Amino acid sequence: MDCDIRIVPINTVDHVFLDRLAPCLEERFIAGARVERSLVVPRSTLNATRGQLFVSTLIAKVQRAHPKPGAAVLAITDFDLYKTSHRFVFGDADEAQSVAVVSVHRLRSDFYGEPSDFNMLFQRTLKECVHELGHTFGLKHCYNARCAMYYSNSIFETDNKMPHFCEICDHRLARARSS
Ligand SMILES: [Zn+2]
Ligand SMILES: [Zn+2]
């Protein structure tokens with residue numbers, strides 16, 4: 001199978017976690033997925049006052065490290081991400097460059113004062129990865145709150161989504177992939 005999705009860990013991300021994520025993404029996108037070498041992003045890249053990483057800075061770094069990959073690149077980071085217009089984001093994507101980024105920072109239950117839960121973190125991460133990769137495959141936001149392409153503003157909305165697309169988005173993806 002061609003490698004259509006490259007998963008790039010930012011600094012250290014649990015390998016067991018990524019190895020489990022790859023086949024799930026392969027199934028959703030009917031594409032090959034592979035975990036690449038990690039990309040080092042030093043803490044000094046963070047906005048010092050916010051303690052967060054500007055999402056466009058991360059996308060630009062990932063794009064520079066993987067120019068013209070002929071595949072969608074999905075970076076996974078533990079850093080908390082923000083955008084000019086958003087206090088935080090779970091992830092973002094640059095459709096033209098085929099770069100998607102997802103932060104697990106606010107997907108951890110311990111962030112909300114609850115005991116850590118590997119499976120919950122995995123499900124949440126899968127949903128956000130399917131969402132951001134969906135953008136790189138040309139999908140837009142969906143109004144179906146259960147669909148992975150629904151834009152979540154809070155962890156409740158992420159938990160309410162499915163880790164896959166609604167029928168309409170699934171059809172759009174199939175059309176986009178065959179054109
Ligand atoms: Zn989105
Ligand atoms: Zn949808």
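The values are calculated or read from the model by the stated rules, or taken from the named source; none is laboratory data. Keep in mind the model is a prediction, meaning the values are calculated, not measured. For neighbour counting, all protein chains shown are included, and Cβ atoms are generated from backbone atoms with ideal geometry for every residue, glycine included. Protein only, heavy atoms only, side chains kept; ligands, DNA and RNA dropped before computing areas. Shrake-Rupley method; radii C 1.70, N 1.55, O 1.52, S 1.80 Å.
Once backbone amide H atoms are built at 1.01 Å from N, Val35 has Ile7 as its partners under 5 Å, excluding neighbours fewer than 5 places away on the same chain.
Here is what passes the span test in the chain: the DSSP H helices with alpha carbon length of 18 Å or more along the helix axis and a Kyte-Doolittle mean of -0.5 or above are 15-29, 118-136. Computed over the chain, the per-residue total of -39500 (n - 2.57) for DSSP H runs of n ≥ 4 gives a 222 nm mean residue ellipticity of -11000 deg cm²/dmol, rounded to 500. Using a cut-off of 22 Å between Cα atoms, the listed pairs Lys83/Lys140; Lys68/Lys161; Lys61/Lys140 include Lys68/Lys161; Lys61/Lys140 as exceeding that distance. Put a dot 7 Å past the Cα of Arg43, heading toward its Cβ, do the same for Asn11, and the two dots end up 0.7 nm apart. Residue farthest toward the positive end of the dipole of the chain, with Cβ of Lys/Arg at +1 and Asp/Glu at -1: which of Val62, Ala75, Val130? The one lying farthest along the dipole's positive direction is Val62.
Calculated accessible area for the stretch 3-139 comes out at 45 Å² per residue, all protein chains present (probe 1.4 Å; ligands, DNA, RNA ignored). Straightening the chain between Arg177 and Met162 buys 3.3 nm, computed as 0.36 nm per residue apart minus the Cα-Cα spacing.
I'd like the carbon and sulfur percentage of the solvent accessible area for the chain, probe radius 1.4 Å, heavy atoms only, ligands and nucleic acids excluded. With neighbouring chains kept in place, the figure for the chain is 51 percent. Based on Cα contacts under 8 Å between residues 6+ apart, the chain shows a relative contact order of 17 percent. Note on the chain: the C-alpha convex hull projects to 10.0 nm² when averaged across all orientations. Where both bridge residues fall in the chain, DSSP classifies roughly 30% of the beta bridges as antiparallel. Computed 3J(HN,Hα) for the stretch 143-152, one whole-Hz value per residue from the Karplus formula 6.51 cos²θ - 1.76 cosθ + 1.60 where θ = phi - 60°, is 8, 6, 5, 8, 7, 4, 7, 6, 7, 9, glycine and proline marked x. What number comes out for the charge environment of Val104, summing +1 per Lys or Arg and -1 per Asp or Glu over other residues with Cβ under 13 Å away? Here the count lands on -3. Dipole check for the chain: with +1 at the C-beta of Lys and Arg, -1 at the C-beta of Asp and Glu, and the Cα centre as origin, the magnitude is about 480 Debye.
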